[in-house]
Structures are given as C-alpha cells and as structure tokens.
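No lab work stands behind these numbers, since they all come straight from the coordinates. Owing to the predicted nature of the structure, the values given are computational and were not obtained by experimental measurement. So basically every Cβ, Gly included, is an ideal-geometry build from the backbone, and we count neighbours across all protein chains shown.
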Amino acid sequence: MPATHRLTAPAPGWTATTDVVVVGSGVAGLTAALGIRQAGLRVTVVTKAVLDEGSTRWAQGGVAAALGEGDTPEQHLADTLVAGAGLCDEQAVRVLVTEGPEAVRHLIAAGAAFDTDAEGEILLTREGGHHRRRIAHAGGDATGAEISRALVAAVRSDPELELIEHALVLDLLTDAAGHAAGLTLHVMGEGQRDGVGAIRAKAVVLATGGMGQIFSATTNPAVSTGDGVALALRAGAEVADLEFVQFHPTVFWVGPGAEGQLPLVSEAVRGEGAYLVDAAGTRFMVGQHELNELAPRDIVAKAITRQMQAQGAAHMFLDGRHFGARMWAERFPTILASCLAHGIDPVTEPIPVAPAAHYASGGVRTDLHGRTSVPGLYACGEVACTGVHGANRLASNSLLEGLVFAERIAEDLARRSAADLLPERVVDVDAARAAVAVPLPAPEARAQIQHLMSRGAGVLRSAQSMAATAEGLAALAAGAAEHAAEEKPADPRVETWEAANLLLVATALVTAAARRTETRGCHWREDFPERDDAHWQRHLTTTLDAAGVRVLEEN
C-alpha cells in the first residue's frame, strides 16, 4: 500500500545515490552493511548520532548461543519458546538458534574478543529463562561495547563504505511500483550535506533500534525514539506485536521521579547467583517459578512490581554481597562503577532496583530474510518483528537476532544482485511529497508522551488507564493539527520530528494493547489477569492509512 503520511519537512536540498542504504549503526545495522559490502554493492550507513552511540554499546549481559558442551540449538529453542509465551514463530526461532553459533563465530572473526578461560574456551554464563550456561560475554559486563568496537572498526576500515553520522531519517521514498527507492533525512552537519536531503537506493535496511523513549524511565539511550517503526508505518508497512514491551526487572533505582536513560543491572548478575530481596532481606522469587530469580523477565518484573505494591515500596533490592570484591571487580566492572557513582557499593550493600522499559519485542513485520511488506524495505534488530521473541524476549537473544537476520538480509540482497533483480529505481521526490504532511508537536510533547505512557501503558495496564492514555495522545495530535491550521506550526527540526515519531508509535502501541484483552508475556492487564489461549494466541498487525492507526487480528 502506498505511503499516506510523511513528516512535515522542507523539500530535500541535496541528493545522493547508493545501492543500499542502511539506517542504524548497532550490531544489526553494521553486520548488514559489512555483509552487503562483501557482495560488491555500494552501501551508505546513516546513523542518528555517531557510529557507536546506539543501544548495542549498552548491552551488558552478552550473546546467547548454543556454544557450550552439552548444549544444543534444540535446548535453546525450547527456552526461547517458553519465554515467548505461545507467540513465537517456531520456524524463525529455529533459524535463530541453528544459525546463531556460526554468526557468533563470524563476529569473533570480525575482531570481537569474548571472555575466555585459561585454555582459550569462551566463558559462558546464565541469564533468566535459560536452563544452560550459554551467554557469551566480553569485558565481564561490557559485551555490547566490545561488539560495537569491533564492528565499527571493521566498517571504518572499508574506504568504500560511506558513513553519514548525525543524521535523522525522515521518510521512505518509493518508485511508481511502490518499491523502496531511498529515503529522506536531515543531516545535522555543515557544508553540502547539511539539512534535509534525499538518498536514492535500490533497497533500504532499517536497523534503527528500539523505542524505549516513549516511556519516562528506560534503559534505552536518548536516540531510541522509534524512528524506524514510525517511518515504516508512514510508508504503509505492517508492524506487529507492539504491545509487547519488555520491562527489565533490575534497573538501578536512582531516586523518586527519575527519568530518561537509567543504569541497567544485567541479568547476568542474577545468573551468577545474586538474589532479589525486599527491605527486610527476604527473597520473594523463591516458589514463584522453578528458576527463582532466573525466571523469564516478564515473570520477574511482575513479581517485583507486585512486591512493591504490597509493601508500598518504591523499589526492591538485588543482593550480591556474597560475590565479594574480586568478583564484582572482575566479572561486573561496569555495573560496579555505575553503582559506586550512584552511592551504592554492591560489595557491602544490596542494590536498589525497579523495572523500567527495556526492549520492544514487536516492530516492523519481516519474513525470514528480513523483508517487510513494502518491497525493497528490510528490517533487522530491535526495530524488526521477526517472530523470534513472541510475547517476551528471552534474555540475550537480541544481539543474536541482530547478527543472524542481518546476515540473512545481506545474503538475500547478494542473491538478488547476482540475479540482476536490484535495478536502479526511479523516484520522483516531489511526487513523494503528495502524502499528507504530519503536523509536528512542540518539543515539550516528548515529556508529555512519556508521562502518559508510563502512567497508563507501562508495566501495569487496564482498559481505563489506556483509554486515558489514548485520550491524552489524541489531544496532543489535535493540538499539533490545530496549530498547523492556524499557521502557527512547530518548526520542523530534530526535536519536533522525534516528538512526532514518539506520538505515532505510542498511539499504535496503546491501540494494540487496548485490543489485547488478556495478560501474556510482558503485556500485563490488571483487568484481564489471565492468559487466554482460546481467543488470543494470535498476533495483532498495525498499519497506518488515511483514517489513522488500524489494528487487525490475525486468525
């Protein structure tokens, strides 16, 4: 279906041409870019800040793969399906777990150095939902930073791979047949590529990461404003499972009213034996699940929230005092430094923790090769919904998904190029501007969206809370439209474009979450507290058309 909406923005003032444009520079985007370059195609990587400033660098725990003795892809598959609460695509999960170990080896060949023992074997740990030690890590708890370092170095070593940093992607360009033919973007730079421009391409790969910034408290960096999902919706693409936002159980509680990106306390800390306790030191996960503190994340997050409500507490505690100073320093140096910076010494005192928005299990719907419902538009990483996560992502499957499906996208584009199925695309940039220009909210709408979403569509949801949230979001959209009609529109700039993206994604999420009248995985309805397989073991597909956001139930 053709695009019905576009962001209000000036006409492109410059144009560039490439074969494939990749949007995003995390593990998924850079893996895709390197693989596509190996096929001899020209690649342009567009990233919102600098190459290593996305979510990948913040990943602490590691990469899950069946690399250890006695472990198998089948066991990894079983754990993933359980965590996904009945909504995983088993075929997609099988692809993930069978191709995952080789994808990790490719990453090592690209220069990533994982922690090893004295014999050079990769050290493996456990995290929530895993019955085996299968999490490969680097720098103790700095896995994402090491992966990012290795991939950025590989990308920068290729002089033919073009990089555009400090650039916010705006909208997809398509040709007369509706095939992706490039995109518009705004470059926050100087010189020829300054301001709004257009990149013409034979294919577009979205690897823009998550949308955690739609909530007040999140582990996501400030750049995670749902830009890829918003672009896809405006381009007519299908998105799926948006209601399933994972709240990480153990985010450092830095004080009442804390907002923005908060410090994560990796699940690997519990994997190594730390306990969840209340203020009295009582463990409350024992007996709630066979894995206790290592239950899937949705179960732990709910248990913490329930305990906080029952005790009128703002947080619970993670107790790892029995680790000792050496283990904290060697295994979790990043977390140790973060705790100390916030006045807590985990060697001698428990860490205050509470759930916060962490990961979008849903996103732009793709097939097993990363292809979306818009021809020529691909997606991988957190922005995508490949089907592997279902209703709740299994810990440390995210980096693996980025690796595996980015490689599959590169392979698909290589095959198409070899078969001469990647022709030059002709796009009329002016014609693309015929779509309805979305009125831009004022920059302060960002905080309003976040507060609405955290109050009404966060860890706990109900019909009443989400109706109030939807009403607030609609009022923000109406206000933006009213100002535009009165010729007092918000200036088109990064802050207002991001606010527009957040508003669209938040509206789509709440619309889907209100439709799903059950509790499943990380979607928790107070008014429908039970999982309902008879009616809801199905997916919700969200689209945007001239009438607005539409949610369809699959059979």
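Computed from Cα atoms, the angle from the helix 463-485 axis to the main principal axis of the chain rounds to 30 degrees.
At most 14 other Cβ atoms within 10 Å and a DSSP loop assignment: could you name the GluC sites (Glu not before Pro) in segment 515-555 that fit?
Within segment 515-555, the qualifying GluC sites (Glu not before Pro) (loop, at most 14 other Cβ atoms within 10 Å) are 526, 530, 554.
On a 0 to 90° scale, report how tilted helix 143-156 is relative to the longest principal axis of the chain, with both axes built from alpha carbons and the result rounded to the nearest 10. Taking the Cα atoms of the chain, the angle to 143-156 is about 30 degrees.
Would you work out the relative contact order for the chain, in percent, from Cα pairs under 8 angstrom that are 6 or more residues apart? Before the final figure, lay out the partial values.
Details: 1335 pairs, mean separation 120.4, N = 555.
Reported as a whole number, the value is 22 percent.
Taking 1.567 mPa s as the viscosity and 4 °C as the temperature, the Stokes-Einstein diffusion coefficient of the chain based on its alpha-carbon Kirkwood radius rounds to 55 µm²/s.
Against the main long axis of the alpha-carbon atoms of the chain, helix 90-109 sits at an angle near 90°.
Karplus-derived 3J(HN,Hα) values for segment 324-341, using 6.51 cos²θ - 1.76 cosθ + 1.60 with θ = phi - 60°, are x, 5, 5, 5, 4, 5, 8, 8, 10, x, 5, 5, 4, 5, 5, 4, 4, 5 Hz; glycine and proline are entered as x. Classify segment 419-555 as rounded, prolate or oblate, taking a ≥ b ≥ c as the square roots of the eigenvalues of its Cα gyration tensor: rounded when a/c is under 1.5, otherwise prolate if a/b is larger than b/c and oblate if not. Oblate, because a/c is 1.5 or more while a/b does not exceed b/c.
Can you give the charge dipole size of segment 1-132 about its Cα centre, rounded to the nearest 20 debye, using +1 on the beta carbon of Lys and Arg and -1 on the beta carbon of Asp and Glu?
Details: 9 positive and 16 negative charges, 177 e Å.
Rounded to the nearest 20 debye, it is 840 debye.
Think of the chain as a dipole: +1 on every Lys or Arg Cβ, -1 on every Asp or Glu Cβ, centred on the Cα centre; then among 528, 22, 459, 528 lies furthest on the positive end. Of interest is the spacing of the C-alpha centroids, which for segment 47-87 and segment 1-32 amounts to 27 Å. Residues whose amide H falls under 5 Å from that of residue 15, counting only those 5 or more places apart or on a different chain, are 198, with hydrogens built in the peptide plane. Each part reduced to its alpha carbon centroid, segment 500-555 and segment 373-389 end up 18 Å apart.
Answer rounded, prolate or oblate for segment 311-447, using the Cα gyration tensor with square roots of eigenvalues a ≥ b ≥ c: rounded when a/c is under 1.5, else prolate when a/b is larger than b/c, else oblate. Walk me through the numbers on the way to the answer.
Numbers: a/c = 3.12, a/b = 1.88, b/c = 1.66.
It comes out prolate by the Cα gyration axes.
Only Lys, Arg, Asp and Glu carry charge here, each on its Cβ (+1 for the first two, -1 for the last two); on that basis the chain has a dipole of about 300 debye about its Cα centre.
Along segment 511-518 the Karplus relation, 6.51 cos²θ - 1.76 cosθ + 1.60 evaluated at θ = phi - 60°, assigns HN-Hα couplings of 4, 5, 5, 5, 6, 7, 8, 7 Hz to successive residues, with x for each Gly and Pro.
Taken one residue at a time, the phi angles of segment 42-55 give Karplus couplings (6.51, -1.76, 1.60, θ = phi - 60°) of 6, 10, 10, 9, 10, 9, 6, 10, 10, 4, 10, 9, x, 6 Hz. Gly and Pro are set to x. Annotation for segment 1-82: GluC sites (Glu not before Pro) lying in DSSP loop with at most 15 further Cβ atoms inside 10 Å of their Cβ are 69.
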